[in-house]
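First up is the structure itself, then whatever we jot down about it.
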Amino acid sequence: MANEDAKLRELIMAASGQEKADLVLKNCKVLNVFTKELEEADIAVKNGFIAGVGQYEGDNEIDIEGKIVCPGLIDGHIHIESSMLSPTEFAKAVIPHGTTAVITDPHEIANVAGSDGISFMLESAKDLPLDVFFMLPSCVPSTPLDEAGAVLDAASLEPFYSNDKVLGLAELMNSFGTVKGDSDIIAKINGAKSNGKVIDGHAPSLTGNELNAYIAAGVASDHECFSFEEARQKLMRGQWIMIRQGTAAKNLEALLPLFDDRYSDRCILVTDDKHPGDLIRQGHIDYIIREAVKAGKSPFNAVKMASFNTANYFGLKDRGAIAPGYRADLIVVSDLNEFKVEKVFKDGILTAEDAKLTKDIELPLLDEAKYKRVFHSFNMSDTDASDFKIKDSGSKKRVIKVVPGQIITEEVIVDSSSAEAEPEKDISKIAVIERHNNTGHIGVGFVTGYGLKKGAIASSVAHDSHNLIVAGTNDEDMALAANTVASNEGGLAVVCDGVVIGQLKLPLAGLMCGRDASEVDEELEMLKEQCRILGVPEGIDPFMTLAFTALPVIPELRIITKGVVDVNTQSYAPSLFD
């Protein structure tokens, strides 16, 4: 306590000018998120916190030369695992883009390795120059129909709430169960509430009294709005809206009206899922700001939505603004329209400059024996071409239609009695193989809009239970692609005419690897090009799109280990029928 008293006194002395600050950024144009204006001033930093904004002297002074200083950016909802990068490599990729904090939901790895997966992520992110906060996975598995590697109930989550990096309960995907008053969900909600934590939502297309029930349960936000009107209804009922622009789901264009003054104070910016190539070439939250400003929206509103609003929603009272007493997480840009991040200060320390880290971040050495379920996550037998035969008969096919740029799907009924793929009609087979408990369950169906003309594509990234998913035009290539991924302890594989033409290994839970983002991106881009050759069109991310066809909580049709699921009724639907 004496040490804290001394630090507070030092902050006060620096703020009043009675003592020099540790660092002073001179000649700044400070973006004020409270008044939405630029203020010409110095920024004084003491012990990692902002002492004052005004005229100051410091032991170390940096001339900002009239450039604009903004609060560090915060991603309000992301799954780090979906970047395919370890937390360390993810931090290396996003810090140069001005991201100083993220709120991650580790439900991808939790679906594979349960509580061990959450602990692995907490330990991996512990000493990074990026603040990584956590929301606890609310739906492992996402619905009772799905088969994950673990089942996390309210009691399983309770011990994690004492960790100061844990902010609440993550996206409550089972809106169906919430509205029906499912006892397990109610226990999880009350667990978060009793610990004073926030609860995030995930309820696409929920309206009317069902929306009222969902919000009455305590769900405070939503990142699954596909239209402005849906977002507006949820805002009117008191929810915060997360405007998502990621690799698979891109909702920014539809939700641009939310950047207007009338709505912006209850909105925050998120990416949800972001592949390494997009992080390298586009950016992170800075990219969303650029796109919004390019569309004519206020840069002041955009920056506030990317910093202060996010901090405010999650109860992070010491960040998100440039003002006395706030954490000195700061970024420097030359122009609000271009919004190119030139410098990044984390806790008052220059951490990145000119798109590069000032100091490398070491990958932590974690105990492989302690996290066996992360390092060795496959428990399944090899597949055979015969495993993908559809035994039902009928005169019609029920087909999952993927939608470019979205993670929703549509149901298409095709007049066809064929139990095989029909690539000439853009109908491929799609299958999900249970990989956690060696049950032997394999669900098989059909998909359109994916574009495959030949070959097969497989992945161990299959939201949210992350079983092994494969799409193909013939059963033999599908089996080879699936077995290649399994033998690599996870990852991606592309096969054509009995030959593996590309693969990417993801040995951490079948979701991530400890390699540099640029290396992963190079291999991933080569794989995507091979997928294009097989027929997957531009506008469809072959792996992210495939991954989401297995998520049985977003309308309309999905595929899981026991077959095709009608999301709206949470029941199985035959692939072939009369």
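The values are calculated or read from the model by the stated rules, or taken from the named source; none is laboratory data. Everything quoted here is computed from the prediction, not taken from an experiment. Cβ: placed from backbone, ideal geometry, glycine included. Neighbour counts: every protein chain shown. Ligands, DNA and RNA are excluded from the accessible area calculation, which covers all protein heavy atoms including side chains. Shrake-Rupley method; radii C 1.70, N 1.55, O 1.52, S 1.80 Å.
All Cα-Cα distances of segment 456-522, cut into 10 Å bins from zero to the largest, leave 25, 50, 23, 1 percent in each bin in turn. 3J(HN,Hα) couplings calculated from phi for segment 270-279 with the Karplus curve 6.51 cos²θ - 1.76 cosθ + 1.60 (θ = phi - 60°) are, in sequence order, 9, 10, 6, 9, 9, 6, x, x, 5, 5 Hz; Gly and Pro show x. Counting Lys and Arg as +1 and Asp and Glu as -1 over every other residue whose Cβ lies under 14 Å from the Cβ of GLU476, the net charge comes to -4. In segment 9-62, Cα pairs under 8 Å separated by at least six residues give a relative contact order of 41 percent.
Compute the Rg/Rh shape ratio of segment 325-434: radius of gyration over Kirkwood radius, all on alpha-carbon atoms. Could the numbers behind the result be given before it?
Values: Rg = 26.0 Å, Rh = 20.8 Å.
Using only Cα positions, Rg/Rh for segment 325-434 is 1.25.
Along its first, second and third principal axes, ordered by size, segment 138-186 spans 32, 24, 16 Å in Cα coordinates. Note on segment 276-326: Cα-Cα pairs beyond 14 Å make up 59% of the total pair count. With coordinates expressed along the principal axes, the C-alpha atoms belonging to the chain extend over 83, 50, 47 Å, beginning with the largest. For the chain, the per residue solvent-accessible surface stands at 36 Å², with DNA, RNA and ligands left out and a 1.4 Å probe.
A straight line joining the Cα centroids of segment 34-53 and segment 166-184 runs 40 Å. Shape class of segment 157-287 from the alpha-carbon gyration tensor: oblate, with a/c at 1.5 or above and b/c at least as large as a/b. Karplus-based coupling profile of segment 375-382, in residue order and whole Hz: 7, 9, 9, 9, 9, 7, 8, 4, with θ = phi - 60° in 6.51 cos²θ - 1.76 cosθ + 1.60 and x standing for Gly or Pro.
Given a cut-off of 22 Å, what percent of all Cα-Cα pairs of segment 123-205 lie beyond it? Everything past 22 Å amounts to 26 percent. Near SER205, once Lys and Arg are set to +1 and Asp and Glu to -1 for all other residues with Cβ below 9 Å from its Cβ, the sum equals -2. The trypsin sites (Lys or Arg not before Pro) of segment 8-97 meeting both criteria, a DSSP state outside H, G, I, E and B (loop) and at most 15 other C-beta atoms within 10 angstrom of the site's C-beta, are LYS36. Placing +1 on each Lys and Arg Cβ and -1 on each Asp and Glu Cβ, with no other charges, gives the chain a dipole about its Cα centre of roughly 940 debye. In loop segments of segment 1-98 as defined by DSSP, the chymotrypsin sites (Phe, Trp or Tyr not before Pro) with at most 11 further C-beta atoms inside 10 Å of their C-beta are PHE34. For segment 388-459, the convex hull drawn through the C-alpha positions has a volume of 110 cubic angstrom per residue. With the charge dipole of the chain set up from +1 on Lys and Arg Cβ and -1 on Asp and Glu Cβ about the Cα centre, the Cα lying farthest toward the positive end among the listed residues LEU258, GLY440, PRO71 is that of LEU258.
Segment 304-346: percent of C-alpha pairs farther apart than 18 Å? Summing the P(r) tail past 18 Å for segment 304-346 gives 31 percent.
3J(HN,Hα) along segment 57-64, derived from phi through the Karplus expression 6.51 cos²θ - 1.76 cosθ + 1.60 where θ = phi - 60°, amounts to 10, x, 4, 10, 10, 10, 7, 7 Hz, with x in place of Gly and Pro. Max-minus-min Cα coordinates of segment 75-118 on each principal axis give 31, 19, 13 Å, with the largest extent listed first. Taking amide H atoms as placed 1.01 Å from N in the peptide plane, the amide H of TYR326 lies under 5 Å from those of ILE50, each 5 or more residues away in sequence or on another chain. In segment 25-180, one over the average inverse separation of all distinct C-alpha pairs is 18.1 Å, which is the Kirkwood hydrodynamic radius. A Förster radius of 41 Å, combined with the Cβ-Cβ distance separating GLU57 from ASP127, puts the computed FRET efficiency at roughly 0.80. Restricting the trypsin sites (Lys or Arg not before Pro) of segment 307-397 to loop positions (DSSP other than H, G, I, E, B) with no more than 13 neighbouring Cβ atoms within 10 Å leaves LYS317, LYS359, LYS370, LYS389, LYS391.
Orientation-averaged projection of segment 1-92 equals 8.6 nm² [convex hull of Cα atoms, one quarter of hull surface area]. So what's the net charge close to GLY191: Lys and Arg +1, Asp and Glu -1, counting the other residues with Cβ under 10 Å from its Cβ? Net charge around GLY191: +1. Computed from Cα atoms, the angle from the helix 107-124 axis to the main principal axis of the chain rounds to 30 degrees. Solvent-accessible area of the chain (1.4 angstrom probe, protein heavy atoms only): carbon and sulfur portion equals 48 percent.
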